[in-house]
Each structure stands twice: as structure tokens, then as C-alpha cells.
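Engineer: Sharing a structure below in C-alpha cells format, with a few things to ask.
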Protein chains: 2
Amino acid sequence: MSGKSWFTNPFSNRASMLKRSILLVDDHRILLDGVKNLLAESNDFEVKDTATSGKEALQLMKSNEYDIMVTDYELPELTGLELIRAAKSVLPDMKMIVLSMHDDPAVVKELLRAGIHGYILKKDTHKTLVDALHKVIANRRFLSDEISDLLIQMADEPEEKGVLTTREVEILRLVAKEFSSRQIAEILFISERTVETHRKNILKKTGATNLVGLIKYAYANNLI
Amino acid sequence: MSGKSWFTNPFSNRASMLKRSILLVDDHRILLDGVKNLLAESNDFEVKDTATSGKEALQLMKSNEYDIMVTDYELPELTGLELIRAAKSVLPDMKMIVLSMHDDPAVVKELLRAGIHGYILKKDTHKTLVDALHKVIANRRFLSDEISDLLIQMADEPEEKGVLTTREVEILRLVAKEFSSRQIAEILFISERTVETHRKNILKKTGATNLVGLIKYAYANNLI
DNA sequence: TTTCGTATACCTAGTGGTGGGTATCTATTG
DNA sequence: CAATAGATACCCACCACTAGGTATACGAAA
């Protein structure tokens with residue numbers, strides 16, 4: 001809809017001076033410095049601003065426009081997912097690429113559902129990032145090789161068997177905070193029996209056999 | 001001892017063409033690319049080689065010489081600590097700077113004991129890295145601000161209370177693999193009582209009160 | 001409307017972990 | 001040599017967690 005505006009002018013489209021503006025978000029300044037410097041050599045892109053937290057990024061978005069946001073997933077204050085959802089409402093036409101060190105299937109899936117346009121890993125090269133930038137500008141999606149492999153593997157799995165209900169997640173979080181079933185019962189104003197039932201259901205759903213497996217599941221699914 | 005050789009020649013010292021060679025080690029290629037590019041602008045340093053694993057770094061050291069190694073702490077195959085110890089025996093005169101995302105007191109202390117010359121965080125700027133490089137070349141040590149604050153805080157604490165013995169770590173790892181005390185006893189050919197005693201000692205040392213705290217400790221200390 | 005999922009709650013039994021001890025043997029270190 | 005730290009092992013009591021059940025109430029979906 002609104003994306004057509006520049007397309008009506010056949011000249012601006014090809015002008016080599018028109019660089020796509022990037023907002024780069026990562027709490028590691030040294031990476032910020034490095035990537036910005038690398039992209040300075042590009043004719044097509046330029047890092048217009050950088051931010052080291054989700055909050056800072058959102059504030060920049062309120063007073064500026066960007067063609068693409070490249071962001072880490074692990075961020076202080078806001079998580080990457082929260083940032084992406086917020087960004088989507090502030091600048092709906094902006095493309096979003098996640099640059100993360102994690103190749104966790106659950107995270108990737110969730111982010112793709114949230115509407116990101118690319119996902120690359122920090123272990124990928126600078127060239128991969130540039131490829132991704134070009135691809136998303138052309139209204140296509142880009143996934144790093146490892147991530148697409150991951151998604152293919154995931155497709156083989158029958159169905160996500162282990163989706164916890166909100167109540168179960170709530171219980172699991174409290175378990176992970178070192179509360180006993182009794183304490184959880186007191187906190188939630190429910191019977192200890194109910195907590196035990198929830199725990200049993202969680203164990204069954206996650207396939208864990210004891211507390212240890214539960215905590216590892218919680219870590220793997222970013223519940224902690 | 002051998003470090004005096006260049007010092008005897010007053011000219012080579014100031015020659016602008018003589019750049020200090022750096023070996024850069026990090027499993028994130030995009031950071032590697034970025035930092036290398038940034039340092040290319042420097043008159044004093046140049047990234048001679050890069051490696052994405054400890055093994056690769058060691059192989060490079062066997063056939064090349066470097067003035068400084070800048071390495072991540074979290075590495076595939078070898079840990080940063082192992083790499084540093086190995087590097088020390090291969091190239092004893094090389095300076096070593098750790099560039100990590102973690103500000104874990106225990107890790108920092110251990111690395112300093114292992115003989116590194118600098119410790120900076122990924123959240124630090126490019127300038128900080130350059131400062132560190134200059135400092136270690138001048139035979140001084142460099143710690144990022146946050147790290148020195150950390151060491152000062154640590155000095156207040158009476159003594160490191162929570163250092164697990166190798167056997168305790170071994171037990172903890174097995175606990176984290178969802179083995180019960182009985183199973184661990186069978187695996188290690190020791191009595192279940194002994195395992196229980198170790199577990200109790202681990203709980204006391206880590207300050208945890210139950211399994212959950214134990215697993216979280218294991219995660220926090222990269223034992224999993 | 002009936003079925004399904006979710007949250008609630010209880011029962012019994014059995015297993016496993018926690019917390020308080022004590023004690024022996026070995027190796028290292030002041 | 002004596003002291004210390006680490007690994008080993010046992011005792012008892014208590015509590016928490018796990019593993020089978022069953023059952024009710026509610027709201028949403030088929």
C-alpha cells in the first residue's frame with residue numbers, strides 16, 4: 001500500500017546516492033562499531049543510527065524512519081521479541097532482521113511468526129548480512145543456512161506436542177524460582193494438590209522425568 | 001628476556017610501517033569481520049589472522065608468530081581458558097586479551113591467574129579495544145571499567161566460598177544430566193551415601209537449597 | 001449439545017532429596 | 001609432624017517430588 005510511493009518515481013529507484021537506512025540494535029558496542037564500519041563501504045546501505053537497548057531503539061523509531069532494523073535477540077530491558085512487536089506497530093513498513101547467536105528452533109519459529117523478514121547468526125559472515133539486507137529490501141525473506149536447515153528438521157517432527165498452557169507456564173516459572181509446591185500453592189491461592197497436578201501434566205508434556213529436566217526445558221524455552 | 005630485542009634498536013620502535021600483528025579468535029564471524037575492518041584503519045595494529053575455534057587458533061600459532069591474541073571466552077572445542085594455557089606454552093611472549101560478553105567474577109579471576117594481559121567486554125567500544133592493545137604492548141595490563149569495578153567488589157568479599165572440587169563438579173554435571181543419586185553412584189562406582197554427601201557439600205558451597213538452584217548454578221557457571 | 005481442554009482438587013504409595021550428624025583414609029602443605 | 005582439604009561412607013529423620021488414579025466446574029469449539 002504505502003510501499004508504492006518511491007516506486008512511482010522511476011529515477012529515485014536507481015539513484016546510487018539513495019542508501020537504505022538501517023537501525024542497528026545490539027548491546028555489544030564493539031559489534032555495533034564493527035558492523036557499522038563494514039556497511040560504510042556499501043553503496044546500498046548505511047547505518048543511520050545504533051541502539052544498545054530495545055528502549056533506546058523504540059525511542060529512535062518514534063522520531064526517525066528506517067528502511068531496515070537489524071537487531072540482536074538478547075537485549076537488556078526488552079527481549080528481541082518484544083522489541084519486534086513494538087517496532088511493528090511504530091514503523092509497520094520497516095523490514096526486520098534478527099542477528100542472534102542462538103539457533104533455538106522455538107525462538108526462530110516465534111520470531112518468524114512475529115513477522116521478521118530475516119534471521120542470521122553471529123557466526124555468519126559479513127557477506128551473509130549484506131545478502132540478507134538485499135533480499136529483504138526486495139521484499140523477500142532471508143534465513144541463514146543453518147536456520148533453514150533447522151526449520152526443515154522441525155518440519156519432520158510430527159507436531160509440537162509440548163505446548164504448555166499459560167497456567168502451566170506460570171507454575172513452571174515459579175518452580176524455576178526455587179519455590180516448592182507448597183509455596184507455589186500459597187502464592188497462587190490454590191491447593192497444593194492442584195499444583196502437583198499441574199506439575200505432573202508439565203512433566204508429561206515436556207517429557208521430563210524430574211525437576212532437572214523441567215529446569216532445562218525452562219532454560220531451552222526462555223522461560224527463565 | 002627475549003622482549004628486549006626490538007628495544008635495542010631505537011628506530012624500529014618508531015617506524016610507522018611496523019604494525020603489531022594480532023591473532024583474532026571468535027566463533028562469531030561477523031564480529032571477526034567487523035573488528036578486523038576497524039583495526040585496518042589503525043597505524044599500530046593489524047589483524048594478521050583470524051580463527052573461529054581454539055583448535056584453529058593453536059594451529060596458526062604453531063606456524064606463525066603474533067604480538068597479541070584477542071580471543072573470546074566462549075569457544076567451540078576448547079574453552080577460552082584452555083586456549084590461553086595452550087597458547088602460553090606455544091608463544092610465551094605473546095600478549096593475550098580476552099574479549100568476552102560475560103562479567104562473571106569467577107571467570108575473570110581464573111583468566112587473570114592464567115596470565116592474560118587484558119579483559120574487555122563486548123559491550124565496550126572499539127576505542128576500548130584499541131586502548132587495551134596499546135596498553136598490553138607497553139607491558140601493562142588493561143581491564144575494562146566494569147571488570148575493574150568487579151574486582152574491587154570481589155576484594156570486599158571475605159574469600160571465595162563456593163569453589164567446587166573436581167569431584168563435586170563431576171557429580172554436579174551428572175545431576176544436571178538427570179541422573180539420580182543412585183544412578184550416579186553406579187556410574188562412578190561409589191556408594192550412594194558418598195554421592196549424597198557430595199550433593200550436600202555442593203548445596204552448601206553454592207548456597208542453593210534444592211535441585212533447581214543447583215541446575216541454575218550449573219548453567220550460570222557453564223557446567224552444562 | 002456434546003465434546004474437549006483447562007483449571008481445579010483429592011487419594012495412595014512409593015521414591016528421591018535435604019539436613020543434621022560422625023568417621024576414615026589420603027595427599028598436600030606449613 | 002600436625003593441620004588441612006578432599007573423597008569416601010554410614011546413620012537417621014523429614015520432607016518434597018513422582019506416578020498412578022478419580023472427579024468437578026467452566027468455557028470454547030465442533
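Engineer: Where residues in region B:41-73 are within 14 Å of chain A (Cβ to nearest Cβ) and in contact with a strand residue (DSSP E or B) (Cβ under 7 Å, 6 or more places away or on another chain), which of them is nearest to B:L133 (Cα to Cα)? Reasoning before the result, please.
Structural biologist: Just the residues of region B:41-73 that are within 14 Å of chain A (Cβ to nearest Cβ), to begin with: B:41-42, B:47, B:50-53, B:56, B:70-73.
In the following step, the residues that additionally are in contact with a strand residue (DSSP E or B) (Cβ under 7 Å, 6 or more places away or on another chain) were identified as B:47, B:50-51, B:70-73.
Numbers: B:V47: 12, B:T50: 16, B:A51: 18, B:V70: 9, B:T71: 12, B:D72: 15, B:Y73: 17 Å.
The extreme case among them is B:V70.
Engineer: Identify, by number, the condition in (1) of a type outside the set (G, A, S); (2) under 17 Å from the mean Cα position of the chain (by Cα); (3) buried (at least 19 other Cβ atoms within 10 Å of the Cβ); (4) part of a helix (DSSP H, G or I) that B:L75 doesn't meet.
Structural biologist: Going through the list (1) of a type outside the set (G, A, S); (2) under 17 Å from the mean Cα position of the chain (by Cα); (3) buried (at least 19 other Cβ atoms within 10 Å of the Cβ); (4) part of a helix (DSSP H, G or I), B:L75 breaks only (4).
Engineer: Before we move on, is A:R167 touching a residue at least 12 places away in the same chain (Cβ under 8 Å) and either among the basic types (K, R) or within 16 Å of DNA strand D (Cβ to nearest atom) (or both)? Can you show your working first?
Structural biologist: Details: touching a residue at least 12 places away in the same chain (Cβ under 8 Å): yes; either among the basic types (K, R) or within 16 Å of DNA strand D (Cβ to nearest atom) (or both): yes.
Criteria met by A:R167.
Engineer: Something else about it: Restricting to region B:185-211, name every residue that is more than 8 Å from DNA strand C (Cβ to nearest atom) and under 20 Å from A:L214 (Cβ atoms).
Structural biologist: Passing the criteria: B:I202, B:T206.
Engineer: Shifting gears a bit: Any chance region B:79-99 includes a residue that's touching a residue at least 40 places away in the same chain (Cβ under 8 Å), buried (at least 19 other Cβ atoms within 10 Å of the Cβ) and part of a helix (DSSP H, G or I)?
Structural biologist: yes
Engineer: Could you please let me know if A:N139 is within 13 Å of chain B (Cβ to nearest Cβ), more than 10 Å from DNA strand C (Cβ to nearest atom), under 29 Å from A:K95 (Cβ atoms) and in a loop (DSSP other than H, G, I, E, B)?
Structural biologist: It is false that A:N139 is within 13 Å of chain B (Cβ to nearest Cβ), more than 10 Å from DNA strand C (Cβ to nearest atom), under 29 Å from A:K95 (Cβ atoms) and in a loop (DSSP other than H, G, I, E, B).
Engineer: Select from region A:189-204 the residues that are surrounded by 16 or more Cβ atoms within 10 Å (Cβ to Cβ) and either among the hydrophobic types (A, V, I, L, M, F, W, C) or more than 14 Å from A:E170 (Cβ to Cβ) (or both) and list them in ascending order.
Structural biologist: Step one: of region A:189-204, the residues surrounded by 16 or more Cβ atoms within 10 Å (Cβ to Cβ) are A:195, A:198-199, A:202-203.
Scanning region A:189-204 gives A:V195, A:I202, A:L203.
Engineer: State whether one or more residues within region A:85-96 are in contact with a strand residue (DSSP E or B) (Cβ under 8 Å, 6 or more places away or on another chain), small (G, A, S) and within 14 Å of chain B (Cβ to nearest Cβ).
Structural biologist: No, every residue in region A:85-96 fails to be in contact with a strand residue (DSSP E or B) (Cβ under 8 Å, 6 or more places away or on another chain), small (G, A, S) and within 14 Å of chain B (Cβ to nearest Cβ).
Engineer: I'd like the residue in region A:22-37 that is among the aliphatic types (A, V, I, L, M) and more than 7 Å from chain B (Cβ to nearest Cβ) and, out of all such residues, is surrounded by the most Cβ atoms within 10 Å (Cβ to Cβ). Walk me through it before giving the result.
Structural biologist: First, pick out the residues of region A:22-37 that are among the aliphatic types (A, V, I, L, M): A:22-25, A:30-32, A:35.
Checking which are more than 7 Å from chain B (Cβ to nearest Cβ) leaves us with A:22-25, A:32.
Values: A:I22: 25, A:L23: 24, A:L24: 25, A:V25: 27, A:L32: 23.
Checked region A:22-37; the qualifying residue surrounded by the most Cβ atoms within 10 Å (Cβ to Cβ) is A:V25.
Engineer: Considering region B:174-224 alone, what residues qualify as being among the charged types (D, E, K, R) and either within 14 Å of another protein chain (Cβ to nearest Cβ) or over 30 Å from the mean Cα position of the chain (by Cα) (or both)?
Structural biologist: B:K177, B:E178, B:R182, B:E186, B:E192, B:R193, B:E196, B:R199, B:K216, listed by residue number.
Engineer: Does region B:30-82 hold any residues that are among the hydroxyl-bearing types (S, T, Y) and touching a Lys or Arg at 6+ places or on another chain (Cβ under 7 Å), and which are they? Steps first, please.
Structural biologist: Here is the first cut: in region B:30-82, the residues among the hydroxyl-bearing types (S, T, Y) are B:42, B:50, B:52-53, B:63, B:66, B:71, B:73, B:79.
Hits for region B:30-82 are B:T50, B:T52, B:Y66.
Engineer: Assess whether B:V163 counts as being more than 10 Å from DNA strand C (Cβ to nearest atom) and either more than 14 Å from chain A (Cβ to nearest Cβ) or surrounded by 14 or more Cβ atoms within 10 Å (Cβ to Cβ) (or both). So that I can check it myself, show each step before the final result.
Structural biologist: Numbers: more than 10 Å from DNA strand C (Cβ to nearest atom): yes; either more than 14 Å from chain A (Cβ to nearest Cβ) or surrounded by 14 or more Cβ atoms within 10 Å (Cβ to Cβ) (or both): yes.
Against the criterion (more than 10 Å from DNA strand C (Cβ to nearest atom) and either more than 14 Å from chain A (Cβ to nearest Cβ) or surrounded by 14 or more Cβ atoms within 10 Å (Cβ to Cβ) (or both)), B:V163 qualifies.
Engineer: Moving on to the next point. Just the residues that are in contact with a helix residue (DSSP H, G or I) (Cβ under 6 Å, 6 or more places away or on another chain) and more than 10 Å from DNA strand D (Cβ to nearest atom), please, taken from region B:187-213.
Structural biologist: The answer is B:T206, B:A208.
Engineer: Shifting gears a bit: For region A:166-178, give me the residue count where each residue is closer than 22 Å to B:S181 by Cα and away from DNA strand C (no atom under 11 Å from the Cβ). Show your work before the answer.
Structural biologist: Residues of region A:166-178 that are closer than 22 Å to B:S181 by Cα, as a first pass: A:175-176, A:178.
Adding the requirement that they be away from DNA strand C (no atom under 11 Å from the Cβ) leaves A:175-176.
Residues flagged as closer than 22 Å to B:S181 by Cα and away from DNA strand C (no atom under 11 Å from the Cβ) within region A:166-178 amount to 2.
Rule-based calculations on the coordinates, nothing more; no lab input. Source: prediction; values computed, not measured. Quick reminder, even Gly has a Cβ in these numbers, built from the backbone with ideal geometry, and neighbours come from all protein chains shown.
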